[in-house]
Amino acid sequence: MSDYHLISAPPLALYDQSFEGVSLIAPADFAVVSIALPLGGEAAALKAIKSAFGKALPDVGKSVLSKSVRLVRMSLDQGFVIFSHATPDAESFVAKKLKDAAYTTDQTDVWTGLILSGPKARTVLERICPIDLHGQAFAVNDTARTTMEHLGTLIIRTGDDEFLLMSASSSAHSFLHAIEISIRNIA
Amino acid sequence: MTQANRLKGGQIDRDTTLNFTFNGRNMQGHPGDTLASALLANGQRLVGRSFKYHRPRGILTAGSEEPNALVQLRTGAHLEPNTRATMAELYDGLTATSQNHRGSLEFDLMAVADLLSPFLSAGFYYKTFMWPKSFWEKVYEPAIRKSAGLGSLSMLEDPDIYDKGFLHCDLLIIGAGPAGLSAALTAGRAGARVILADEDFATGGRLNAETMDVDGMAGADWAAQVVAELNTMDNVHLMTRTTVYGAYDHGIYGALERCTDHLATSGGKPRQILWRIYSRRAVLAAGATERPIAFGNNDRPGIMLAGAVRTYVNRFGVTPGHELAVFTNNDDGWRSAADLAAKGVSVKAIIDTRDAPAVMDVPGARHIRNAAVVNTVGRKGLRSITLTDDQVIDVDCLAVSGGWSPNLHLTCHQRGRPVWDEGLCAFVPGRDLPPGMAVAGAANGAMTLATALSEGRDMANAQIKELGFKASRKAAPKAEDEPQECAAFWHVRQSKSRAWLDLQNDVTVKDVKQSYREGFRSVEHLKRYTTLGMATDQGKTANIPALAIMAECTGKSIPETGTTIFRPPYTPIPLGALGGRARGKDFRPTRLTPSHEWAKNNGATFVEVGNWLRAQWFARPGEQGWRDSVDREVVMTRRSVGICDVTTLGKIDIQGRDAAEFLNKVYANAFGKLAVGKVRYGLMLREDGICYDDGTAARLSDNHFVMTTTTANAVLVFRRLEFARQCLWPDMDVHLISTTDGWAQFAVAGPNARNLLRKIVDANHDISNEAFPFMACGEISVCGGTPARLFRISFSGELAYEVAVPARYGNAMMGVLMQAGKEFDAVPYGTEALGVMRIEKGHAAGNELNGQTTALNLGLGGMVSKKKDSIGSILSERPEMNREDAIRLVGFQPVNKADKLTAGAHFINRGDAANMANDQGWMTSVAYSPNLGHSIGLGFIKQGHTRKGEIVRAVSPIHGTEVEVEIVPAHFIDPEGERLRV
């Protein structure tokens, strides 16, 4: 038994705020694992993903929800698995499910997540997000890489009025600040 | 002061009274007024002084083209100069002051400049202030700036906030006048996503200023009805108080929304928002701007554009005078006379330059044909005009119309050239419009209401049809084709007094002629020589008459003479809006290391390293300055153990069957045979053979590596690897992903490093020297099961490790390391101590890998493997890069140990003059070594590797220092590397 114990403290842990028309929450136990499809082994990897999660890895720019696990296609040979997982073994959890059919890397601590929801969510994002979030252009489950206030961001539409925003964990406080300013600035 | 000039009607809310002040005088207006209309309602004709001659000036226009009526709005830090009174929406409590005068507005001491006007013509300062040369910056220019110019800044920080944003649409319609509204209605009903933007606070454009009917109802009522319908459409976004100021590539438009300028306070919300509008198509329906005619003393308060007079009468219920005359070269001028007469205002005469019958019946007005105004009287307000036949007419307002120019500026923002329309006497948009743009209405030269409405509909239909929407078959709204004949007439030749073209910059007809005489005949030269068309109005009313006069001088036609190039912005954009929210600490994001909180609570001073904030040193009580802290951190680390957060180094996860071969290709040294569980230092070259970056790569399994990069190049290296993976070697099975932020990584350095780590590394992991030697790596666990990675690498030269845990545990890990290290007197150390120790050890860093140096220069030439191909290896063999006398990285120490060394100093051989010809190299890094007790340095010097022991001079003319230094090996501490391996 070690004399020492490490306490987990993600940068935006427990953040949960409501504003007029929107709420902003940092999801608890937020886990992200990347999946890389081996060159020449794509079919086997895709099959393993479907078998592991019950849903196929969607096309680039799309995501799919399978129970509480969201599969996001980042590029032709890369996807993300986003889910809730409290312990620091998200990568091995996914790797076991895929049975070595794909390369996995833990991305949990690389990212910080914020869920922006409410009727004014799109209005808030108009101040900071360059991409078109109209329902016709960016439907539920659509995903895109973009930048917000100079910060690389992954945006996923998780509902009509709900977006999951992911950005680098080292600049989490700047990212949160940028979203909060956007909320404050809308009329 | 009462609103003596109010008429009946207008689109103002007379039930509400707004109080405001102008130069301290209390006045009243109503919601719906602009400051200009309210000033006119209160009889205030004199509103400012001119730029150069300090001539009394009034209000010329009713829109954003206003050159004269520039005022300072608000007070204190909120004060904003150069605001166009014609665009300032009235609110209760508004405070306005006039600008550019010394003394009061009425008695401006600087008006003496007007008497000196013969000496102050165009370009006078280029010729006058030639001698002595040194006086220009210190004497002449400040004096000129003080006596000429526009308003003054508060010199206080702007307390308002600004924002930016992004909008998207199928069709952007610029201008909500008849053409724009017709277009919006068509596209909106078809289901297209429409943004309709107008700079005015009211929609309707000229419909609000006219008395014409649309679809059998008053034009303004029709506009209101259309807006009401548009407001019910979810697919239409109506933006008032929004100026689309620029047309950029790919259908992107810039727009400024003035959110709270019409309110007494912004209420903590952004005052203005700078929008980037992404459009698939656009319709420019920006209307047209009326031109003046140049004649003697045509700048007096009370002389206005005829369309503006009509606007004040019809929209604002204000008459700018009580006895008026109209001076026109076109039919439209007559409409002003008719509307004024219909409101009961006395119109004494219509002076038409054309020898043509009356356009319409204007009760009480004399029609004086084939005539012109040659001069006027009334210094602070017009009293009379004199015609070409010498008759004098007493009037207090003269409405002038020289024809209308389409507002085609945005059609030219991507190098489009307008074409001359002889019938309109105006430029109209050419064929080379920005991609996706169409032009409708007056902006396209369709000057009548009926054609504007039908063009708006037609252009919108054409645009949305291309996007796959069904075009509307519904007929355009019905209106009359009002008379619009115009005969070119630019200036009154018979005038002997100065005749103004550009009222904002005090440029007269005489100035243009002088520009011609002095050889500045191109319109671009004319602009720069005379300042014509500069400043807030960008010559919207002045440019065409001026170039017409230049055309007269040169004997060329107007289209041959051409126009200056219209560039964004269409109207002024405050710098605050361009900055948006990027002020102070919001200028850029900040990256924090995982142990930032711990560092903050333990006396760290932080330094910006790119976007990162890193602990620079940790001060302890009693230390007198940073050197005390840094020296202690270095000494204690080398004596026992120190801990430094090195998370900022880039980390790239590399996986794939070809990962090893991939590293072999991107690093100059070999990686193919690196054993699992081992780390290797790697050097990357650019394609040209120059050193690019260095770091390490650790092999965690056959197909899995973790690469570290320098902090500065983390993103660049990742991008470079992605390029190599995707474009150079797409057949390799290699996958990359950044994990820089994912792992909190700490250097644990010093003789007690292993002893400390043993206390936190879980017992099942053997980290003894035998089991885990220098350059070993492994995946371990710490503190009872937390996954971690351990690398036995050393930047300090001591027995050292880097231990990494998931970033969420980083802050706790720093605390645990310090707690476990207590028995060893462990110290946290910052970037300064880290820098000192790497210089003591002779390790190269950013100062040495500066984009100019080669592996040979760094003493790492042997690392560039000849047995394999890698990026940069071939070009690194170029003879010039392998010269015998190439610079080499070596160490330097002062001959006199008390001397301080200076980074950047150049090496000069003893006895040589300190000049570029004798330059031997330069000092890259210096530090005070607390272990050696004197300054040390690293640097490049020619053939340094053969010159150990030689004395040279380190000369820094910038710092005024010269120190004799001895060339020594770069490794000041433990040159044999024994400490690393214990």
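Here, each number is a calculation from the coordinates, and none is a lab measurement. The structure displayed is predicted, hence computed values, not measured ones. Cβ coordinates were reconstructed from backbone atoms using ideal geometry, including for glycine residues, and neighbour counts include every protein chain displayed.
When a/c is below 1.5 the answer is rounded, else prolate if a/b is larger than b/c, else oblate, so apply that to the range B:793-918 with a ≥ b ≥ c taken from the square roots of the Cα gyration tensor eigenvalues.
Cα axes put the range B:793-918 in the oblate bin.
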>> Just to be sure I understand: with springs between alpha-carbon atoms less than 10 Å apart, which residue in A:Lys96, A:Lys120, A:Lys55 has the highest mean-square fluctuation in the Gaussian network model of chain A?
In response: A:Lys96
> For labels at A:Ala28 and B:Arg719 in the simple 7 Å Cα→Cβ model, what's the distance in nm?
Replying inline: 4.0
> What residues have an amide H closer than 5 Å to that of B:Glu482, excluding those fewer than 5 places away on the same chain, when H is modeled at 1.01 Å from N in the peptide plane?
Replying inline: B:Leu449, B:Ala450
> Which one of B:Ala122, B:Gly251, B:Ser64 is farthest out on the positive end of the charge dipole of chain B, using unit charges on Cβ (Lys, Arg +1; Asp, Glu -1) and the Cα centre as origin?
Replying inline: B:Ala122
>> If you average the alpha carbon positions of the range A:121-187 and of the range B:843-888, how far apart do those two centres end up, in angstrom?
In response: 45
>> Can you tell me which lysines have their Cα less than 30 Å from the Cα of B:Lys478? Leave out same-chain residues fewer than eight positions away.
In response: B:Lys8, B:Lys343, B:Lys465, B:Lys470
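How much length, in nm to one decimal, is gained on full extension between B:Thr265 and B:Ser117, taken as 0.36 nm per residue of separation minus their Cα-Cα distance? Mind showing how you got there, number by number?
On the way: separation 148, 0.36 × 148 = 53.28 nm, distance 4.24 nm.
Between B:Thr265 and B:Ser117, full extension yields 49.0 nm more.
Which trypsin sites (Lys or Arg not before Pro) does the range B:386-457 hold that lie in a coil by DSSP with at most 14 other beta carbons within 10 Å? Can you show the working numbers first?
Working: sites: B:Arg415, B:Arg431, B:Arg457; in loops: B:Arg415, B:Arg431.
Counting only loop positions with at most 14 other Cβ atoms within 10 Å, the trypsin sites (Lys or Arg not before Pro) in the range B:386-457 are B:Arg415, B:Arg431.
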>> For the range B:567-631, which trypsin sites (Lys or Arg not before Pro) pass both filters: DSSP loop (anything but H, G, I, E, B) and at most 15 other C-beta atoms within 10 Å?
In response: B:Arg583
> Hey, how many Å between the Cα centroid of the range B:29-81 and the Cα centroid of the range A:83-110?
Replying inline: 66
> Among B:Lys496/B:Lys540; B:Lys474/B:Lys540; B:Lys133/B:Lys496, which pairs are too far apart, with a Cα-Cα distance over 29 Å?
Replying inline: B:Lys474/B:Lys540; B:Lys133/B:Lys496
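Set the Förster distance to 22 Å, then compute FRET efficiency between B:Ala228 and B:Glu466 from the Cβ-Cβ distance, nearest 0.05. Provide the component values of the computation, followed by the final result.
Numbers: r = 29 Å, r/R0 = 1.30.
The computed FRET efficiency comes out at 0.15.
Roughly what % antiparallel, to the nearest 5, for the DSSP beta bridges in chain B? Could you put the intermediate results ahead of the total?
Details: 128 of 177 bridges.
Bridges in chain B are about 70 percent antiparallel.
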> Which far-off residues, 5 or more places away or on another chain, put their amide H under 5 Å from the one on B:Trp612, with H placed in the peptide plane?
Replying inline: B:Arg591
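Using 29 Å as the Cα-Cα cut-off, could you pick out the over-long pairs in B:Lys52/B:Lys513; B:Lys527/B:Lys585; B:Lys651/B:Lys841; B:Lys585/B:Lys900?
Values: B:Lys52/B:Lys513 18 Å; B:Lys527/B:Lys585 40 Å; B:Lys651/B:Lys841 24 Å; B:Lys585/B:Lys900 35 Å.
As for pairs spanning more than 29 Å Cα to Cα, those are B:Lys527/B:Lys585; B:Lys585/B:Lys900.
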>> If I model a spin label as a point 7 Å beyond the Cα along the Cα-Cβ vector, how far apart are those points for B:Leu150 and B:Lys133 in nm?
In response: 3.3
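Rounded, prolate or oblate: which fits the range B:606-653, taking a ≥ b ≥ c as square roots of the Cα gyration tensor eigenvalues, rounded meaning a/c under 1.5, else prolate when a/b beats b/c? The partial results should precede the final answer.
Working: a/c = 3.70, a/b = 1.57, b/c = 2.35.
The shape class here is oblate.
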> Under a point-charge model restricted to the Cβ atoms of Lys and Arg (+1) and Asp and Glu (-1), what is the dipole moment magnitude of the range B:1-131 relative to its Cα centre, in debye to the nearest 20?
Replying inline: 420
> Residue by residue through the range B:50-61, which ³J(HN,Hα) values in whole Hz follow from phi under the Karplus form 6.51 cos²θ - 1.76 cosθ + 1.60 (θ = phi - 60°), with glycine and proline marked x?
Replying inline: 6, 4, 10, 8, 6, 6, x, 9, x, 9, 9, 10
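Find, among the trypsin sites (Lys or Arg not before Pro) in the range B:655-687, those assigned to loop by DSSP (not H, G, I, E, B) with at most 12 other beta-carbon atoms within 10 angstrom. Numbers along the way, then the final one.
Values: sites: B:Arg657, B:Lys665, B:Lys673, B:Lys678, B:Arg680, B:Arg686; in loops: B:Arg657, B:Lys673, B:Arg686.
Sites meeting the loop and neighbour criteria: B:Lys673.
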> Exposure proxy check: B:Met459, B:Met447 ranked by fewest other beta carbons within 10 Å?
Replying inline: B:Met447, B:Met459
> Cross-link partners among aspartates and glutamates for B:Lys164, C-alpha distance below 12 Å, same-chain residues fewer than 8 apart left out?
Replying inline: A:Glu126, A:Glu149, B:Glu257
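Can you give the charge dipole size of the protein assembly as shown about its Cα centre, rounded to the nearest 20 debye, using +1 on the beta carbon of Lys and Arg and -1 on the beta carbon of Asp and Glu? Provide the component values of the computation, followed by the final result.
On the way: 125 positive and 127 negative charges, 188 e Å.
Computed about the Cα centre, the dipole is about 900 debye.
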> Where the centre of each part is set by its Cα atoms, how far does the range B:639-670 sit from the range B:163-200, in angstrom?
Replying inline: 53
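Using the Cα centre of chain B as the reference point, and only Cβ charges (+1 on K/R, -1 on D/E), how large is the resulting charge dipole? Debye, rounded to the nearest 20. Please list the in-between numbers first.
Values: 109 positive and 107 negative charges, 198 e Å.
About 960 debye.
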>> For a quick check: with amide H placed at 1.01 Å from N, whose amide H comes under 5 Å from B:Gly891's, ignoring anything fewer than 5 positions away on the same chain?
In response: B:Val968, B:Ala970
